[in-house]
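Visitor: Let me begin by handing over the structure; questions about it come next.
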Amino acid sequence: MRVIEVPLPMLGQGMVLVRNFYSLISAGTEGATAAAARKGLIGKAKERPQQVRQVLDVMVQQGPVQAYRAVMKKLDAWSPLGYSCVGEVIDVADDVSEFQVGDWVACGGLKASHAEVVAVPLNLCVKLPRQPGETPDQETYLQAAAYNTLGAIAMQGVRQADLRLGETCAVIGLGLLGQITCLLLKAAGVRVVAVDINPVAVKTAATHGADMAFMRDEPGIEESILTFTSGIGCDAVIITAASNSTDPINFAGAISRKRGTIVIVGDVPTGFDREPHFYKKELTVRMSCSYGPGRYDPEYEEKGRDYPTGYVRWTEKRNMDAFQVLISEGKIDLSFLTTHIFKLEDASKAYDLILKKTEPYLGILIEYERSRKPNEFKIQVSSSKVSSPHDSIRIAFIGAGSYAQSHLLPNLKGLSEVVLQGVMTSTPASARSVAERFGFAFCTSAEEEIWDDKINTVFIATRHDSHASYVIKALKAGKHIFVEKPLCITESQLNEIADIYSTINNQRSTLPLLMVGFNRRFSALTALLKEKIGDGPMAMIYRVNAGRIPNDSWIQDPERGGGRIVGEVCHFVDYLTYLNGSLPVAVFANVLRDSADCGDTVTINLQFQNGSIGTIAYVANGSKELFKEYIEVHQAGVTAVLKDFKELHVFRSGRPYSKKLISQDKGQKEMVKTFVEAVRVGGEAPISFADIYTVTLSTFKIMESIRKNMRIEIHG
């Protein structure tokens, strides 16, 4: 664990930039993360058996090299901690009107991390009712506001309990979340019974919020609670404990009244005993989802689209706001919760305290130096190996996620004359991690650093919706461009790129190379297939067992991912285009009408200029046990079958041919090498612009064919 310098976060649409005053450490969640991080590889594996299975699957499908890269990509990455903070707004996106510079705000979510400056979506940010100078004890007020996220979680649990004035609620688990839950219940006029295994926590609850507080192993506890509730039992029980035991939920059943409600907020097993309480009392068990409605919904959290109040009264933001009002109006007092405050530079000591339990603690805050000037948008990580020779290939990356770290960056290392200058990613910690791991000179969150004259080549590996804008900017800046597929996600973007490309072509003697990451055409087995099958009109079949992607994934979002046809089927259209050596001229597509499929299971029939025909069967409803990709090509009495880019079989009269690879080769290494070589020698682009344009256009025509249920001509 270290405190590191990272670039200022990028201020995206619908976001505010906040300079932190305090952030709250979640001892349970963050303590578990820190404990796992300090274990060796065997310990980490035992902590994450599901991820171990994923690694083994990658090893079987793609070989040990890719499995190793997948593991190291995670282990070598800096992971920011924290999800609750308070600070001052220092900038707002141009589409945000709710906040302005100088506002004090409380923030939640993973972007509200332990950092001097954070960029937070507006629906995870609430304005403090009182502004600087309006409260007698500003620091106490700000420290209380740092608890806002936990407050919203506790408030959602209370709402799920659906209690009335004068009723009784038991709270099992008296950490921060449990203590705040007790305070909220008390403020709502509910009688509170508090239970924990920690005597300090029990005493704290008894002093500050509970009407009755018990140690879990206290003799006669069930009878005492029954007496306190006049023989009825608790109207509701809220479990805020974290435990592997089923005791919390079974105990909740024992102390509930008939037809009572049990709300699970904490991380506990739900395998309760049916008898004697849950069945006979007809108990209701409810899960409470974090801060409330809107949580985990990208439309709400990332795009800022609110739910109508008349239909969803309490969203996560409204819960955050209501909690802040209770603090500002003095309805709840959180001052007793904060037992420790650490300066940012001493933050690791806080985690030592949590893990080693050297002294009692409850609420632990990190305090930030307000007089210190925040970092710049650019952080120098290492000195460049080559200062600025004119013949070197000086590369910057925009985006460097999983694919880039597994297939692009490793294949750039060791190539002659390649200098990795700068990297810009959406999160500061990620940018720093990638810069350190792959030897970039700097990491940044400022676009202008990428368009600097020292950089002549840009790799774009961001989410699909940003590809077009970055390609256009790179073209105008005169940079060579490698963009991960797709080139763009709308036909209008494609036409704009084509117009700019044409204009630059007419104005300049040397044209920047534009390359899209259609890697499969660069596979070694693809080269063999083309050699064995020969030229001429051919019939091609490409079956892709793609698997299901959840409907709420960003890939399925037309505005961000473009959908799977635009975002992934472009690969297979390009492959068939390359195999037969001519462009597609018409398409007819059918989709499986299955509401669960999100239009992911399609058959696509393509006709090509030279008379070739191709069928793409892209299925999301197949078995996971079947390998992903199967290609079959027929031409002039010869048939070739390519299985998952590991096996090639060629059938022809008297001369069969087979080739098997030890591990899968989808062409990424050769693709990167070929592109870099073209940049180095000033040659033509590895894939012609005509291919890139027509293949991309074809995906839009596939979508049109599905909508209109007819054959669509493709005019490139």
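The values are calculated or read from the model by the stated rules, or taken from the named source; none is laboratory data. Small disclaimer: the values here were computed from a predicted structure and weren't measured. Ideal geometry is used to build each Cβ from the backbone, glycine not excepted, and the neighbour counts take in all protein chains shown.
Visitor: Here are the criteria: (1) part of a helix (DSSP H, G or I); (2) more than 30 Å from GLY102 (Cβ to Cβ); (3) not small (Gly, Ala, Ser). Tell me which single one ILE153 does not satisfy.
Guide: Failed condition: (2).
Visitor: Select, from LYS701, LYS666, the only residue that is under 22 Å from TYR618 (Cβ atoms), part of a loop (DSSP other than H, G, I, E, B) and among the charged types (D, E, K, R).
Guide: The unique qualifying residue is LYS666.
Visitor: Which pairs have Cβ atoms under 6 Å, sit 6 or more apart or on different chains, and link a residue in region 58-85 that is assigned by TED's automatic domain parsing to the domain that holds LYS127 and under 30 Å from GLY151 (Cα atoms) to one that is at pLDDT 70 or above and among the acidic types (Asp, Glu)?
Guide: LEU81/GLU30
Visitor: In region 354-372, which residues are within 19 Å of LEU177 (Cβ to Cβ) and not β-branched (Val, Ile, Thr)?
Guide: Scanning region 354-372 gives LYS357, PRO360, TYR361, LEU362, GLY363, LEU365.
Visitor: Among the residues that make up region 528-536, is at least one of them part of a loop (DSSP other than H, G, I, E, B), touching a residue at least 24 places away in the same chain (Cβ under 8 Å), buried (at least 16 other Cβ atoms within 10 Å of the Cβ) and assigned by TED's automatic domain parsing to the domain that holds LYS701?
Guide: Looking for residues that are part of a loop (DSSP other than H, G, I, E, B), touching a residue at least 24 places away in the same chain (Cβ under 8 Å), buried (at least 16 other Cβ atoms within 10 Å of the Cβ) and assigned by TED's automatic domain parsing to the domain that holds LYS701, one finds none in region 528-536, hence no.
Visitor: For region 313-333, how many residues meet the condition of being assigned to a loop (DSSP other than H, G, I, E, B) and farther than 30 Å from GLY253 by Cβ?
Guide: Number satisfying all stated conditions: 5.
Visitor: Quick one: which residue in LYS281, LYS303, LYS349 is touching a strand residue (DSSP E or B) at 6+ places or on another chain (Cβ under 7 Å), surrounded by fewer than 19 Cβ atoms within 10 Å (Cβ to Cβ), part of a loop (DSSP other than H, G, I, E, B) and of a type outside the set (Phe, Trp, Tyr)?
Guide: LYS281
Visitor: For region 547-574, how many residues meet the condition of being under 25 Å from PHE522 (Cβ atoms) and in a helix (DSSP H, G or I)?
Guide: Adding up the residues that qualify gives 12.
Visitor: When you scan region 590-644, how many residues do you find that are among the charged types (D, E, K, R) and closer than 17 Å to TYR542 by Cβ?
Guide: 6
Visitor: I'd like to know if region 480-487 contains one or more residues that are acidic (Asp, Glu), surrounded by 16 or more Cβ atoms within 10 Å (Cβ to Cβ) and not in a helix (DSSP H, G or I).
Guide: Scanning region 480-487 turns up at least one residue that is acidic (Asp, Glu), surrounded by 16 or more Cβ atoms within 10 Å (Cβ to Cβ) and not in a helix (DSSP H, G or I).
Visitor: Let me ask something additional. Mind telling me which of the residues PHE438, PHE459, PHE482 ends up being among the aromatic types (Phe, Trp, Tyr), in contact with a helix residue (DSSP H, G or I) (Cβ under 9 Å, 6 or more places away or on another chain) and more than 30 Å from SER698 (Cβ to Cβ)?
Guide: After ruling out the rest, the residue left standing is PHE438.
Visitor: If I filter region 72-131 down to residues being in a strand (DSSP E or B) and charged (D, E, K, R), which single residue comes out as farthest from VAL16 (Cα to Cα)?
Guide: Filtering first and then ranking leaves LYS127.
Visitor: Just the residues that are in a strand (DSSP E or B) and surrounded by fewer than 20 Cβ atoms within 10 Å (Cβ to Cβ), please, taken from region 444-462.
Guide: Passing the criteria: none in range.
Every residue, every condition in (1) assigned by TED's automatic domain parsing to the domain that holds LEU420; (2) surrounded by fewer than 17 Cβ atoms within 10 Å (Cβ to Cβ); (3) within 21 Å of LEU576 (Cα to Cα); (4) basic (Lys, Arg), yes or no:
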| position | (1), (2), (3), (4) |
| --- | --- |
| PHE651 | no, yes, yes, no |
| PRO656 | no, yes, no, no |
| LYS660 | no, yes, no, yes |
| LYS666 | no, no, yes, yes |
| LYS669 | no, no, yes, yes |
| VAL676 | no, no, no, no |
| GLY682 | no, yes, no, no |
| ALA685 | no, no, yes, no |
| SER698 | no, no, yes, no |
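Visitor: For residues in region 25-44 being among the aliphatic types (A, V, I, L, M) and under 22 Å from the mean Cα position of the chain (by Cα), which is nearest to ARG372 (Cα to Cα)?
Guide: Filtering first and then ranking leaves ILE25.
Visitor: What is the residue count in region 36-70 for residues that are modelled with pLDDT of 70 or more and in contact with a helix residue (DSSP H, G or I) (Cβ under 6 Å, 6 or more places away or on another chain)?
Guide: Summing the residues that are modelled with pLDDT of 70 or more and in contact with a helix residue (DSSP H, G or I) (Cβ under 6 Å, 6 or more places away or on another chain) in region 36-70 gives 5.
Visitor: Same structure, new question: Before we move on, is ALA620 out of contact with any strand residue (DSSP E or B) (no Cβ under 8 Å at 6 or more places or on another chain) and among the hydrophobic types (A, V, I, L, M, F, W, C)?
Guide: Yes; evaluated as a whole, the condition is true for this residue.
Visitor: Another question about this same structure. Within region 212-223, track down each residue that is surrounded by fewer than 17 Cβ atoms within 10 Å (Cβ to Cβ) and within 15 Å of ILE172 (Cα to Cα).
Guide: Listed by number, the residues that qualify are MET215, ARG216, ASP217, GLU218, GLU222.
Visitor: Would you mind stating whether GLY304 is in contact with a helix residue (DSSP H, G or I) (Cβ under 7 Å, 6 or more places away or on another chain) and more than 30 Å from SER371 (Cα to Cα)?
Guide: Against the criterion (in contact with a helix residue (DSSP H, G or I) (Cβ under 7 Å, 6 or more places away or on another chain) and more than 30 Å from SER371 (Cα to Cα)), GLY304 qualifies.
Visitor: Assuming ASP273 fulfils every condition listed in (1) in contact with a Lys or Arg (Cβ under 6 Å, 6 or more places away or on another chain); (2) more than 21 Å from GLY157 (Cα to Cα) apart from one, which condition is it?
Guide: With respect to (1) in contact with a Lys or Arg (Cβ under 6 Å, 6 or more places away or on another chain); (2) more than 21 Å from GLY157 (Cα to Cα), ASP273 is out only on (1).
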